[in-house]
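The values are calculated or read from the model by the stated rules, or taken from the named source; none is laboratory data. Everything quoted here is computed from the prediction, not taken from an experiment. As a convention, Cβ positions derive from the backbone with ideal geometry for all residues, glycine included, and neighbour counts pool all protein chains shown.
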Amino acid sequence: MPTRTTARRDQPETISSVLGDAVRPRAKLLGGSVALLWTVNLVDTVVGHGLDVWGVRPRTLEGLWGILFAPFLHGSWGHLIANTVSLVMIGWLVMLGRTRDFLYVSALSALTAGLGTWLVGGSNTVHVGASGVVFGLLGYLLSRGVFERKFWSIAGSVLALVLFGGTLRGLFPGTAGISWEGHLFGFLGGILSARLMATPSVEAERGKAPAREKKRVGEAPPRARVAGRALEAVSDDEIEELRRRMGR
């Protein structure tokens, strides 16, 4: 006995499904980053913070490894919690544009923060923590509007300044135990990321185009100017002789 089948129509995407598709990869990336930081700190705590030797040790050959490992290490649970909150908040704002921006900015900021700290940091010190990356993400947010000149980029820069402007004090020395060098060079790495990754608006691109040359009003074209100078070089006697000949 034949059976009757009913064709299924594709269901239209709902707002919740669209939002879920947008939020899910961002949440996974941030959640995975936080989970990695907390796992490393748990292991570091178990071994009595023995992993901290892999932080940035300025101007030592072994300290160069800290450029890679320092962002994953923290001096205490309080240090980790503070960086986690900032990383989630600022990182989420960065990913409102493109998810991959979070990875690019974080990588470049970690590199500049580690290298800058290795070059100018205090002797016999060890620098650890993800705060260089956090300041890099903040620097990216604050400067993206300047380079892109788009409404939403500028709005994001203003919002970041309102929410996190007070943290910019960490860019300057003065607080014992705070690696202002990592903050500063991470922040500069974020600005560099914004410059390298900027997609300027159409209006900005038009402004960069070379201006067209405008003709001056009342100015004769080049050929006419040359002809005029040639006529001025002919004497009056020659002109009179030419007229007599034409009259014949």
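Key figures for this structure:
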read-out: Flag for GLY78 being more than 30 Å from GLU148 (Cβ to Cβ), of a type outside the set (A, V, I, L, M) and surrounded by fewer than 14 Cβ atoms within 10 Å (Cβ to Cβ); value: yes
read-out: Test: residue in region 30-53 that is outside any helix (DSSP H, G or I) and within 18 Å of ALA110 (Cα to Cα); value: no
read-out: Hey, THR99 surrounded by fewer than 20 Cβ atoms within 10 Å (Cβ to Cβ), over 25 Å from MET197 (Cβ atoms) and either touching a residue at least 12 places away in the same chain (Cβ under 8 Å) or basic (Lys, Arg) (or both) or not; value: no
read-out: Counted residues, region 47-59 - those being surrounded by 14 or more Cβ atoms within 10 Å (Cβ to Cβ) and farther than 10 Å from THR117 by Cα; value: 6
read-out: Where a residue in region 162-181 is under 14 Å from VAL133 (Cα atoms) and surrounded by 15 or more Cβ atoms within 10 Å (Cβ to Cβ) and its partner, wherever it lies, is of a type in the set (Val, Ile, Thr) and at pLDDT 90 or above, with Cβ under 6 Å and at least six apart; value: GLU181/THR117; GLU181/VAL120
